[in-house]
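Right, one structure below, let's go through it.
Please treat every number below as a calculation from the coordinates, not as lab data. Predicted model only: the values in this text are computed from it and were never measured. Positions of Cβ are backbone-derived with ideal geometry, glycine not excepted, and every protein chain shown enters the neighbour counts.
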Amino acid sequence: MLFQSIEFLVAFPLLLLLRFLLPKSFEKVLLLVASYVFYSWWSLKFVFLLLLSTVVDYYCAKLIVRQKTNANAKKFFLFLSLLINLGVLFVFKYYVWLSGLFANDLAYSIILPLGISFYTFQSMSYTIDIYRGNIEEEKSFMNFATFVSFFPQLVAGPIERASNLLGQIDRGPKYKKDFIRSGLSLFVWGLIKKVVFADNIASLVNFSYGIHEYQSSLELLLSTYGFALQIYGDFSGYTDMARGVARLMGYELMLNFNLPYFASNIREFWHKWHISLSTWFRDYVYIPMGGNRCSKWNNYFNIFITMLIAGVWHGANMTFVIWGALHGLYIIVFDYLQKLNLKIPKFISCLLTFHFVLLAWIFFRAENLSQALAIITKIFHADFSILQFSNIYIYMIIFYLLMAIRRYTNIEEFFVNKSFINWSMIWLGFIAVVVFGSLESADFIYFDF
């Protein structure tokens, strides 16, 4: 069930009404049932995978806690959790790729379950944190099951930690001042990002990349700028809607995007882009490998491998591997240059960072490696002709200007503090979605990861 679908826009108010009518003791049951219905709306047959991750990590964590003095037993149950979760992820996400390399027909019969990369990582983080002694064991299976399947962020994040979301589920909904208004604002802004900007810009990107042999350098470059805006609008739009829906129900999800295209270096970019994933890899991959508590070259190795794994997490394709490797190299080069104390104006460093990110996005968007290399080669041919002006360029300019306004002003604070203006903007936002939204709204890009 998509946030922008008619089904969700009808079902969600009914859920809120049902929560209001039923006793508070039904809150967790209702939330768990709603989450499973939300997921099964896409495919009922894959619900068992969601339940499998939940059962495995709940009971592995219990068994880890019971082994108070047996370190080897603790490691075994942690290993069991990781083996099952990563094993399922491998079969459904990477076996297709590997068997395809060997022309195995089974590769084409396996469907990637929706959101599997997100909920397995969220569920595993609980077991790892229990093993490390960072959090207390959750006694209630229902609470834990709701944490893993919490429908606003189930299929595309943010990847929540038990220390934030599980405590809220255990406590129950809690409304803060202006939660309703700010929740609706987040939802509408996310909806605008998705159906007005991302989906409209997608039509230009898909067309241009589809016939890249016949596009000029400038057209391909503009389409690549378009993809950078498309994937940001699509993914951060989902996050905004997820946070808005959660807030309307009295729960607070973490910030997952913080205007990443205004980052002045590549490290800052990853502090602002898909924050829940970047911090997940930092805490559960980079730091356990040694982080920066080692020699310079070992640290660089840890950075590179972490980003390489992040690339593979996005998909079983060489384009994602190269995308991750590029970001690993970017961070290493930035760290090296930082030690030289080069004085670069912030505007220039932001511009350079954005274009390095843009180069990597070409590999992320391309269907295969040969297409990515062909597009990059074509862009550097310096053919500045435009065969046909597209109205989508206007959407791109407006979207970037709106981000710039948010970056350099306190406009959000202004709207939140002015109730009448805030409600007016919410309704104008809905009107904008109806008038300018793409009629053929597509699935979210990260549903494929």
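Distance check, please: which entries in LYS75/LYS139; LYS28/LYS174; LYS45/LYS139; LYS28/LYS139; LYS24/LYS193 exceed 25 angstrom between their Cα atoms? Walk me through the numbers before you get to the answer.
Numbers: LYS75/LYS139 21 Å; LYS28/LYS174 13 Å; LYS45/LYS139 28 Å; LYS28/LYS139 14 Å; LYS24/LYS193 34 Å.
Too far apart for the 25 Å limit: LYS45/LYS139; LYS24/LYS193.
Note the full-extension length gain between GLN388 and LEU86 as 0.36 nm times their separation in residues minus their Cα-Cα distance, in nm to one decimal.
Working: separation 302, 0.36 × 302 = 108.72 nm, distance 4.73 nm.
Here the answer is 104.0 nm.
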√(5λ) per eigenvalue of the Cα gyration tensor, the stretch 6-171, largest first, Å: 28, 26, 10
Residue order, fewest to most beta carbons within 10 Å, for HIS355, HIS381: HIS381, HIS355
Over the stretch 125-218 - Rg/Rh using Cα atoms and the Kirkwood inverse-distance radius: 1.20
Dipole axis of the chain (+1 Lys, Arg; -1 Asp, Glu on Cβ), positive-most option in THR377, GLN215, PRO152: PRO152
Dipole moment magnitude, nearest 20 debye, the stretch 179-448 about Cα centre, only Lys, Arg, Asp, Glu C-beta charged: 940 debye
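Sort VAL188, VAL155, VAL33 so the one with the fewest other Cβ atoms within 10 Å of its own Cβ comes first.
Values: VAL188 21, VAL155 25, VAL33 14.
Fewest-to-most Cβ neighbours within 10 Å comes out as VAL33, VAL188, VAL155.
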Partner lysines for LYS339 [C-alpha distance under 25 Å; skip if fewer than 8 residues away on the same chain]: LYS272, LYS296
Dipole-positive endmost among LEU358, MET254, LEU204 within the stretch 179-448 (Cβ charges, Cα centre): MET254
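Once fully extended, how much extra length lies between SER40 and PHE380, figured as 0.36 nm per residue of separation less the alpha-carbon to alpha-carbon distance? The partial results should precede the final answer.
Details: separation 340, 0.36 × 340 = 122.40 nm, distance 4.63 nm.
Difference between extended and current length: 117.8 nm.
Over the chain, what is the relative contact order in whole percent, taking alpha-carbon pairs under 8 Å and six or more residues apart? Each step should come with its number before you reach the end.
Working: 551 pairs, mean separation 82.2, N = 449.
Taking the mean separation of contacting Cα pairs over the length of the chain, I get 18 percent.
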Ellipsoid semi-axes in whole angstrom, largest first, where each is sqrt(5λ) of the Cα gyration tensor of the chain: 34, 30, 22
Sites VAL10 and PHE76 - FRET efficiency at Förster radius 60 Å, r taken between beta-carbons, to 0.05: 0.80
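If you place +1 on the Cβ of every Lys and Arg and -1 on the Cβ of every Asp and Glu, how big does the dipole about the Cα centre of the stretch 6-171 come out, in debye to the nearest 20?
440 debye
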Exposure proxy order (Cβ contacts within 10 Å, fewest to most) of GLU137, GLU367: GLU367, GLU137
